[in-house]
Amino acid sequence: NAGVTQTPKFRVLKTGQSMTLLCAQDMNHEYMYWYRQDPGMGLRLIHYSVGEGTTAKGEVPDGYNVSRLKKQNFLLGLESAAPSQTSVYFCASSYAGPGANVLTFGAGSRLTVL
Amino acid sequence: AQKITQTQPGMFVQEKEAVTLDCTYDTSDPSYGLFWYKQPSSGEMIFLIYQGSYDQQNATEGRYSLNFQKARKSANLVISASQLGDSAMYFCAMREGYTSNSGYALNFGKGTSLLVTP
């Protein structure tokens with residue numbers, strides 16, 4: 001089983017270009033998340049979704065949009081990329097609710113904005 | 001305010017020795033969970049261990065144990081008998097109750113880089 005798959009793994013953009021990162025999970029998880037990881041900053045939550053058709057903003061949502069049209073997919077969009085969005089992006093998923101529901105992460109997508 | 005604090009940016013340990021990675025947290029929620037993840041140089045995030053706020057005993061998973069001191073709000077990771085393959089970045093994270101700006105997402109610390117030397 002694949003778990004959480006992110007595409008693409010690497011991408012270089014020019015300032016102002018747009019792109020979409022795709023996250024797909026095959027574990028029937030209700031919750032999905034997008035994080036970004038910058039050196040010395042840990043992982044910061046961009047957006048999350050608690051179910052198909054619902055999304056919500058996290059800690060650092062500006063400049064990003066998301067959609068969850070199907071339960072297994074969570075898309076992260078950059079409408080007009082900026083150099084400050086150069087980062088490694090991680091998608092994660094989990095079962096619903098609190099407690100010991102472990103987040104399963106994808107392998108990450110490294111984005112460079114020139 | 002930072003909810004998870006990892007004060008050790010980098011640590012060294014000799015192979016076969018034990019090492020403790022520090023983590024303190026800040027929450028007023030009585031129900032919360034604490035997690036540790038490992039990130040090797042290849043970049044993936046690997047779940048190591050979980051401790052619930054109501055768990056009476058410290059969590060253990062093989063060579064990993066979590067030293068949970070609730071009153072001090074600390075959740076230190078102890079790795080026994082370190083191996084070269086333990087060299088990685090380690091992240092402490094916390095899940096609190098549902099909030100509108102995080103759902104049940106994990107709040108991560110900035111990480112500790114561990115290097116295991118021969």
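The values are calculated or read from the model by the stated rules, or taken from the named source; none is laboratory data. Treat the numbers as computed from the prediction; the structure is a model and nothing was measured. Note that we place each Cβ from the backbone using ideal geometry, even for glycine, and neighbour counts take in every protein chain shown.
In table form, for the structure just shown:
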{"quantity": "Residue check for residue B:80: under 17 Å from residue B:24 (Cβ atoms) and either of a type outside the set (A, V, I, L, M, F, W, C) or in contact with a helix residue (DSSP H, G or I) (Cβ under 8 Å, 6 or more places away or on another chain) (or both)", "calculated": "no"}
{"quantity": "Some residue of the range B:31-47 being under 16 Å from residue B:84 (Cα atoms), within 13 Å of chain A (Cβ to nearest Cβ), of a type outside the set (Gly, Ala, Ser) and touching a Phe, Trp or Tyr at 6+ places or on another chain (Cβ under 9 Å)", "calculated": "yes"}
{"quantity": "Output for the range A:30-55, where each listed residue is among the hydroxyl-bearing types (Ser, Thr, Tyr), at the interface with chain B (Cβ under 8 Å from one of its Cβ atoms) and without any contact (Cβ under 8 Å) to a residue 24 or more places away in the chain", "calculated": "A:48"}
{"quantity": "Members of the range B:2-18 that are surrounded by 15 or more Cβ atoms within 10 Å (Cβ to Cβ) and in a strand (DSSP E or B)", "calculated": "B:4, B:5, B:11, B:13"}
{"quantity": "Checking residue B:57 against (1) part of a loop (DSSP other than H, G, I, E, B); (2) under 14 Å from the mean Cα position of the chain (by Cα), the condition it does not meet", "calculated": "(2)"}
{"quantity": "Residue match in the range B:87-107 (condition: part of a strand (DSSP E or B), without any contact (Cβ under 8 Å) to a residue 60 or more places away in the chain and under 16 Å from the mean Cα position of the chain (by Cα))", "calculated": "yes"}
{"quantity": "Residues (of a type outside the set (A, V, I, L, M) and either outside any loop (DSSP other than H, G, I, E, B) or under 16 Å from the mean Cα position of the chain (by Cα) (or both)) located in the range B:28-43", "calculated": "B:32, B:33, B:35, B:36, B:37, B:38, B:39, B:40"}
{"quantity": "Residues of the range A:56-108 classified as facing chain B (nearest Cβ under 8 Å), without any contact (Cβ under 8 Å) to a residue 40 or more places away in the chain and either farther than 26 Å from residue B:94 by Cβ or outside any loop (DSSP other than H, G, I, E, B) (or both), total", "calculated": "2"}
{"quantity": "Selected residue (criterion: farthest from residue B:36 (Cα to Cα)) from residues of the range A:74-87 that are surrounded by fewer than 16 Cβ atoms within 10 Å (Cβ to Cβ) and either at pLDDT 95 or above or aliphatic (A, V, I, L, M) (or both)", "calculated": "A:80"}
{"quantity": "Hits in the range B:89-118 - residues which are hydrophobic (A, V, I, L, M, F, W, C) and within 14 Å of chain A (Cβ to nearest Cβ)", "calculated": "B:89, B:91, B:92, B:93, B:94, B:105, B:106, B:108"}
